[in-house]
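S.K.: My questions all concern the structure below.
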Amino acid sequence: QVQLVESGGGSVQPGGSLRLSCAASGVSKSIWPMAWYRQAIGKQRELVAVITSVGSTNYADSVKGRFSMSRDNAKMTVYLQMNSLKPEDTAVYYCQLKTATSVFWGQGTQVTVSS
């Protein structure tokens with residue numbers, strides 16, 4: 001059974017930083033693409049960042065230059081380093097893993113940016 005467990009969320013002031021982690025278990029040792037999504041209250045879930053099996057990354061325009069996604073394949077973990085956080089970054093952040101046949105989601109971690 002595939003499980004994705006996110007951690008690292010919390011409350012931070014504008015301009016601050018947070019680092020999210022997402023650990024995968026129950027999946028084959030193949031290297032799968034993974035992504036971070038977020039969903040703010042009253043809004044649709046949106047893609048934040050994606051990392052391919054070979055480590056290439058892409059980001060939403062709203063976070064380019066501020067967020068950085070990376071992966072540690074040995075630990076089957078991906079990270080999202082979030083710098084220069086803004087109030088509009090407030091959301092529940094979800095980790096996603098795609099295999100050849102299925103899509104899996106974590107339970108989400110809350111990020112709140114407020115003064």
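S.K.: For region 79-115: of the residues being open to solvent by less than 30 Å² (accessible area, probe 1.4 Å), touching a Ser or Thr at 6+ places or on another chain (Cβ under 7 Å) and not hydroxyl-bearing (Ser, Thr, Tyr), which is nearest to Ala49 (Cα to Cα)?
M.R.: The selected residue is Met82.
S.K.: Quickly run through region 67-78 and pick out the residues that are touching a strand residue (DSSP E or B) at 6+ places or on another chain (Cβ under 6 Å) and either closer than 19 Å to Gly16 by Cβ or open to solvent by 60 Å² or more (accessible area, probe 1.4 Å) (or both).
M.R.: If we filter region 67-78 for residues that are touching a strand residue (DSSP E or B) at 6+ places or on another chain (Cβ under 6 Å), which is where we start, we get 67-71, 76-78.
The answer is Phe67, Ser68, Met69.
S.K.: In addition: Determine whether region 22-30 contains at least one residue that is farther than 17 Å from Val2 by Cβ, out of contact with any strand residue (DSSP E or B) (no Cβ under 9 Å at 6 or more places or on another chain) and without any contact (Cβ under 8 Å) to a residue 60 or more places away in the chain.
M.R.: The initial filter retains those residues of region 22-30 that are farther than 17 Å from Val2 by Cβ, namely none.
No, there is no match, as no residue in region 22-30 is farther than 17 Å from Val2 by Cβ, out of contact with any strand residue (DSSP E or B) (no Cβ under 9 Å at 6 or more places or on another chain) and without any contact (Cβ under 8 Å) to a residue 60 or more places away in the chain.
S.K.: Within region 10-27, how many residues turn out to be open to solvent by 60 Å² or more (accessible area, probe 1.4 Å) and over 15 Å from Lys86 (Cα atoms)?
M.R.: Residues flagged as open to solvent by 60 Å² or more (accessible area, probe 1.4 Å) and over 15 Å from Lys86 (Cα atoms) within region 10-27 amount to 0.
S.K.: Within region 51-66, which residues are over 19 Å from Val5 (Cα atoms), in contact (Cβ under 8 Å) with a residue 24 or more places away in the chain and surrounded by 14 or more Cβ atoms within 10 Å (Cβ to Cβ)?
M.R.: Result: Val63, single match.
S.K.: Hey, another quick one. Name every residue in region 28-50 that is touching a Ser or Thr at 6+ places or on another chain (Cβ under 9 Å), open to solvent by 90 Å² or more (accessible area, probe 1.4 Å) and farther than 16 Å from Glu88 by Cα, in order of residue number.
M.R.: Of everything in region 28-50, nothing turns out to be touching a Ser or Thr at 6+ places or on another chain (Cβ under 9 Å), open to solvent by 90 Å² or more (accessible area, probe 1.4 Å) and farther than 16 Å from Glu88 by Cα.
The values are calculated or read from the model by the stated rules, or taken from the named source; none is laboratory data. None of the values given here were measured: they were computed from a predicted structure. Quick reminder, even Gly has a Cβ in these numbers, built from the backbone with ideal geometry, and neighbours come from all protein chains shown. We work out accessible area using only protein heavy atoms, side chains counted, and drop any ligands, DNA or RNA first. Shrake-Rupley method; radii C 1.70, N 1.55, O 1.52, S 1.80 Å.
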